[in-house]
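The values are calculated or read from the model by the stated rules, or taken from the named source; none is laboratory data. Because the structure is a prediction, the values reported are computed rather than measured. Counting neighbours? That spans all protein chains shown, and the Cβs are built from the backbone with ideal geometry, glycine included. Just the protein is used for accessible areas: all its heavy atoms, side chains included, with ligands, DNA and RNA removed. Shrake-Rupley method; radii C 1.70, N 1.55, O 1.52, S 1.80 Å.
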Amino acid sequence: AWTYRMERLKAHGRELEQQVREREALLQRATRDALTGLWNRTAILEILAREVESARKVDASLAIVIIDVDHFKRINDTHGHLCGDAVLRMLGAQLSARIRVADSLGRFGGEEFLLVLPGAPPQRPFLPLERLRRSIAEIPFSHDGVLINVTASFGMAWKIPRGVFNWS
């Protein structure tokens, strides 16, 4: 009887582990962009809403950045959509590797990314983003033996704490 009970408990444990794996896979599909692995549009907008609310409550700074791949249609038209997909994957990985742990990055649209930077100090130019923009242009990318220059444009907005008006 004891052996039978132990086998049933083990089988139940395996079933629970399988259910957990399936739920994790569903959560992954529901929140991650299938191409880049970044947050998808819905998830990054939810993160943005939470960070805006948090910044309002504690009167903290918050920066929001739209990153748009320059001439992306030309990349797709010249080298094909598989190449365009590879550019987006590479760019997502490179951007992820170069942001802070507290920052959130998601795919916002076709070739657009949304970056949420809680606590980013208001300064012009915002040097970390300028370095990020420059690093994108320096990333060597080739597809089928052809070197492709990839650049991106950045648009940035801040939520600035009350009483902070100086732009350094």
Residues of region 53-90 with amide N under 20 Å of a point placed 7 Å along Cα→Cβ from D144:
71-90
Per residue of region 16-25, what does 6.51 cos²θ - 1.76 cosθ + 1.60 with θ = phi - 60° give for ³J(HN,Hα)? Whole Hz please, x for Gly and Pro, Karplus curve as stated.
5, 4, 5, 5, 5, 4, 5, 5, 5, 5
In terms of modelled amide H atoms, which long-range or inter-chain residues lie less than 5 Å from the amide H of I99?
none
Note, ³J(HN,Hα) from phi for region 134-151, Karplus 6.51, -1.76, 1.60, rounded to Hz, x at Gly and Pro:
5, 5, 4, 5, 8, 6, x, 10, 10, 9, 6, x, 9, 6, 10, 7, 10, 10
Roughly speaking, to the nearest percent, how much of the chain's 1.4 Å accessible area is carbon and sulfur?
55 percent
Could you sort M6, M90 by accessible area so the largest value comes first, with the probe set to 1.4 Å?
M6, M90
Nitroxide proxy distance, nm - points 7 Å out along Cα→Cβ at T151 and R74:
0.9 nm
Counting only protein chains, not ligands or nucleic acids, how are F113, F126 ordered by accessible area (probe 1.4 Å), most first?
F126, F113
Cα centroids of region 42-96 and region 99-143: how far apart, whole angstrom?
8 Å
Residue separation times 0.36 nm, minus the C-alpha to C-alpha distance between S135 and K57: what's the value?
24.7 nm
Quick one: order S96, S104 from most to least accessible surface, probe 1.4 Å.
S96, S104
Read phi for every residue in region 59-75 and hand back ³J(HN,Hα) as whole Hz from Karplus 6.51 cos²θ - 1.76 cosθ + 1.60, θ = phi - 60°, with x for Gly and Pro.
6, 9, 7, 8, 10, 10, 10, 9, 10, 10, 5, 5, 6, 5, 4, 5, 4
So the FRET efficiency between R23 and H81, C-beta based with R0 = 35 Å and rounded to 0.05, is 0.60
Quick one: accessible surface of D68, probe radius 1.4 Å, all protein chains present, in square angstrom to the nearest 10.
50 Å²
Residues with amide H under 5 Å from that of I139, placed H, sequence gap 5 or more
none
Per residue, how large is the accessible surface of the chain? Use a 1.4 angstrom probe and give square angstrom.
64 Å²
List every residue whose amide H lies under 5 Å from the amide H of S61, counting only residues 5 or more places away in sequence or on a different chain, with H placed 1.01 Å from N in the peptide plane.
G119
Rounded, prolate or oblate, given the Cα gyration tensor of the chain, with a/c below 1.5 counting as rounded?
oblate
